[in-house]
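The values are calculated or read from the model by the stated rules, or taken from the named source; none is laboratory data. Remember, it's a predicted structure, so these values are computed and weren't measured experimentally. Don't worry about glycine lacking a Cβ; one is built from the backbone with ideal geometry, like all the others, and counts go over all protein chains shown.
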Amino acid sequence: MCEFTVYLNRKSDSDIIATNVIKSKIKEGHISMMDSSGKTYRVDNAEIVTVDSIMAEMHLKTVA
Amino acid sequence: MLRIISTGKGGVGKTTTISTLATMMAKEGRKVLVFDTDPSMNLAMTLGIPYQDVPTITENKEEISEELDEMEEENAMAVGKNILDNYSKVNKDGIRIIIMGAIPEEGNGCLCSAVAIVKILMNYVDSDRCPETYDAIFVDSQAGPEILGRGLAKDFDCNLIMTEPTPKSAEVSKQVASLAKRLGITMNLLVINKSEREEDIRKVSDLVGIEPENAVRIRYDHSVIDADWNNQCLLDTYPECDAIKDIYTIKNKLESIKG
């Protein structure tokens, strides 16, 4: 399935911050995401580390 | 609102069964919405609408994606409304039809994005924002278990696991049944189509791993083939045939889910 599970500072599955994500973009300085139900997520002070379509995962990390 | 999906191997009768159930309910005055998520796109034609007349989601996905670009939940609702208003057709029985479509050109990816858009649309239809209240939503899926892996049928009321009374067909149904267990579907009903023997119920349900009381037969019936050859609606043309009687049994089971 090409819907992404999103991790912030991944160490374990408890770091999942969103699932079934279909769209993500940088909007007004933060990371904005939308899942397949139309629900949106906002992550401040973070950047995208990896987008992996094989694992359907996106990894973010906190920045100062 | 009843939400029903049909799954199983190719050619087992998913489209015929879904279209007949939808027509039965629509003729009783229920408001019915059907999604064709099979890239083969036979459902609209079976319901009397040439599929060329229905704009598909895949051929319009660029426009839909742009609509979501503002990344607001409001945009997702607007996309749902847009698809329902502009990418659907209503047939003579009042059934509203939406076609997901196929991959438009070679090397153009998979159908996951179109399924994601269908999920957004389902969410809109479930919301207070949708002006229509549907009594039943049917999803005709592509062959194989993959549609369940995409999570489209999560928390549906019924998964019609369609099969022929053959081991190869039953093997696909076994995979479907296994995936469906984790999706919170209320009823997984094994439908053994083109069945010529009563004992098919026991043999096939054993193979698939579903209790015989959750299995029904649709008897082999030449009327189904005749209606297809003549491009006729089975229910209109042969309302008393064995297949129709058996599909009424399925309809009664579906209606018993919500009392």
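At a glance:
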{"quantity": "Selection from the range A:48-58 of residues that are surrounded by fewer than 13 Cβ atoms within 10 Å (Cβ to Cβ) and either within 8 Å of chain B (Cβ to nearest Cβ) or not hydrophobic (A, V, I, L, M, F, W, C) (or both)", "calculated": "A:50, A:52, A:53"}
{"quantity": "Criterion: facing chain B (nearest Cβ under 10 Å), free of Cβ contacts under 8 Å to residues at least 40 places away in the same chain and on the phi > 0 side of the Ramachandran plot - qualifying residue of A:20, A:45", "calculated": "A:20"}
{"quantity": "Qualifying residue in the range A:4-17 (condition: more than 10 Å from every other protein chain (Cβ to nearest Cβ), of a type outside the set (Phe, Trp, Tyr) and in contact with a Lys or Arg (Cβ under 6 Å, 6 or more places away or on another chain))", "calculated": "yes"}
{"quantity": "Residue list for the range A:23-34, filter: charged (D, E, K, R) and within 9 Å of chain B (Cβ to nearest Cβ)", "calculated": "A:23, A:25, A:27"}
{"quantity": "Hey, residue A:37 in contact with a helix residue (DSSP H, G or I) (Cβ under 8 Å, 6 or more places away or on another chain) and either on the phi < 0 side of the Ramachandran plot or away from chain B (no Cβ under 14 Å) (or both) or not", "calculated": "yes"}
{"quantity": "Selection count, the range B:116-127, where residues are assigned to a helix (DSSP H, G or I) and more than 8 Å from every other protein chain (Cβ to nearest Cβ)", "calculated": "6"}
{"quantity": "Residue identified as buried (at least 24 other Cβ atoms within 10 Å of the Cβ) and farther than 23 Å from residue B:249 by Cβ among B:160, B:183, B:121", "calculated": "B:121"}
{"quantity": "In the range B:31-47, the residues that are modelled with pLDDT under 90 and either of a type in the set (Val, Ile, Thr) or on the phi > 0 side of the Ramachandran plot (or both)", "calculated": "B:37, B:41"}
{"quantity": "Any hit, the range B:43-53, residues being among the small types (Gly, Ala, Ser), closer than 30 Å to residue B:246 by Cβ and assigned to a helix (DSSP H, G or I)", "calculated": "yes"}
{"quantity": "Residues of the range B:111-163 classified as in contact (Cβ under 8 Å) with a residue 40 or more places away in the chain, over 20 Å from residue B:181 (Cβ atoms) and over 14 Å from the mean Cα position of the chain (by Cα), total", "calculated": "17"}
{"quantity": "Yes/no for residue A:23 being surrounded by 19 or more Cβ atoms within 10 Å (Cβ to Cβ), charged (D, E, K, R) and modelled with pLDDT of 90 or more", "calculated": "yes"}
{"quantity": "Considering residues of the range B:80-106 that are surrounded by fewer than 20 Cβ atoms within 10 Å (Cβ to Cβ) and assigned to a helix (DSSP H, G or I) only, the residue nearest to the chain's Cα centre (by Cα)", "calculated": "B:84"}
